[in-house]
1. If you take the residues of the range 157-175 that are closer than 30 Å to PRO223 by Cβ and open to solvent by 40 Å² or more (accessible area, probe 1.4 Å), which of them is farthest from the chain's Cα centre (by Cα)?
2. Just need a number here: residues in the range 1-35 that are more than 23 Å from GLY242 (Cα to Cα), free of Cβ contacts under 8 Å to residues at least 24 places away in the same chain and in contact with a strand residue (DSSP E or B) (Cβ under 7 Å, 6 or more places away or on another chain).
3. Could you count how many residues in the range 247-261 are over 10 Å from TYR74 (Cβ atoms) and not charged (D, E, K, R)?
4. Collect the residues in the range 245-260 that are touching a Gly at 6+ places or on another chain (Cβ under 7 Å) and among the aliphatic types (A, V, I, L, M), keeping them in residue-number order.
5. Scan the range 205-232 for residues that are part of a helix (DSSP H, G or I) and either of a type in the set (Asp, Glu) or buried (at least 19 other Cβ atoms within 10 Å of the Cβ) (or both) and jot them down.
6. Going through the range 281-335 one residue at a time, which ones are of a type in the set (Phe, Trp, Tyr) and either at positive phi or modelled with pLDDT under 95 (or both)?
7. If you check GLY288 against the conditions, is it in a loop (DSSP other than H, G, I, E, B) and either farther than 28 Å from SER65 by Cβ or not basic (Lys, Arg) (or both)?
8. Just wondering, is there one or more residues in the range 59-81 that are part of a strand (DSSP E or B), within 30 Å of ARG330 (Cα to Cα) and either out of contact with any Asp or Glu (no Cβ under 6 Å at 6 or more places or on another chain) or at pLDDT 95 or above (or both)?
Amino acid sequence: MPTSRTFTTPRQTTRYHECGPADGALMIFVHGWPGIGLMWRAQMEAFAAEGWRCIAPDLRGFGGSSAPAATDAYTMEAIVTDMADLHDHLGGGPAIWVGHDWGAVVAAQLVAHRPERSRALALVSLAYQPAGHALRTLVPLVDRAIYPADRYPDGQWDYYRYYTRHFDQAVADLDADKAASLASIFQPGDPAGLSTASPNAIVTQKGGRFGAAHRAPPTEPDPALWPPADFEVLVQSFDATGFRPSCAWYMNDEANIAFALEARDGGRVLQPVLFVNGTFDQICTITGNRQGDPMREACPDLTMVTLPSGHWLPLERKEELVQALRDWLRSKGLG
């Protein structure tokens, strides 16, 4: 069972969840939007049972960690610095970093900037963009067979564009019923959606994620994804902060590109990298498109695994993800 702890510096408080022996090899799991560290419970408990020291922080703006008011407090440089501070607090020994969604961006940027902090990097669902994760780098990679430019100028990233143009409305819509918003977001992927346009591609056309209603429809959480007690912790954390801090992550593209371009060797990651792809992740899959090309070029020791999953792969394919990570670690002499 993960134990929750808090680490504080003059610049940030980070809550993190820990399980496994204190002297075990370090594995750090980094969540994305709109999550908390407990989304990694299944993977943490599995690897802790095998002797790993497993850590899953709540990132800045999420869970029990600090949630500054300023939008520009959520740059990738600030968040990577948070993780470096936490890593020092944990002893600073090279770790296996595992990231999902925005957490994959954090983990990849940390390793690209500070490779000495890492033994290897595992990215789940979201491919590494060495030039920065931003609309300017993502939109050129959109599959125009699915998203013709005249109908879908930003492709599946339209929801991201909506934040940049209608931030207050986007936040208000999510905040109108936080529990329903979270339950509606955390839904398993649908194989029928493969090769079809994502609903996230028409957020602007609808006038928001939830359209004219401007609030999530009544939705029950899926207990196959989140254990009910963990989902309640997730809801409570958003009840406390609202969605504004976590959505502010989408508002710092230019700063994030500038930070990415400061990484050594053009952002190349020479350590072993695993990418776990969801077959029917309508936003992030790299199957049949160019979204994974920058990662392939930047990561010479890259292993790719595809699982039948939507975007919430750590929750949808708990055991399969553990096995993919385990097999990769052993194949690289790290497990």
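The values are calculated or read from the model by the stated rules, or taken from the named source; none is laboratory data. Since the structure is predicted, the reported quantities are computational estimates derived from the model, not experimental observations. Methodologically, a virtual Cβ is constructed for each residue, glycine included, from the backbone with ideal geometry; neighbour enumeration extends over all protein chains shown. Remember, those area values only see protein heavy atoms, side chains included, never the ligands or the DNA or RNA. Shrake-Rupley method; radii C 1.70, N 1.55, O 1.52, S 1.80 Å.
1. My answer is ALA172.
2. The total comes to 1.
3. Qualifying residue count, the range 247-261: 5.
4. Answer for the range 245-260, where residues must be touching a Gly at 6+ places or on another chain (Cβ under 7 Å) and among the aliphatic types (A, V, I, L, M): ALA248, ILE257, ALA260.
5. As a first pass, look at the range 205-232 and keep what is part of a helix (DSSP H, G or I): 205-206, 211-213, 228-232.
Across the range 205-232, the qualifying residues are ASP230, PHE231, GLU232.
6. Of all residues in the range 281-335, those of a type in the set (Phe, Trp, Tyr) come to 312, 328.
Scanning the range 281-335 gives no hits.
7. Working: in a loop (DSSP other than H, G, I, E, B): yes; either farther than 28 Å from SER65 by Cβ or not basic (Lys, Arg) (or both): yes.
Against the criterion (in a loop (DSSP other than H, G, I, E, B) and either farther than 28 Å from SER65 by Cβ or not basic (Lys, Arg) (or both)), GLY288 qualifies.
8. Kept after step one, since they are part of a strand (DSSP E or B), are these residues of the range 59-81: none.
Looking through the range 59-81, none of the residues is part of a strand (DSSP E or B), within 30 Å of ARG330 (Cα to Cα) and either out of contact with any Asp or Glu (no Cβ under 6 Å at 6 or more places or on another chain) or at pLDDT 95 or above (or both).
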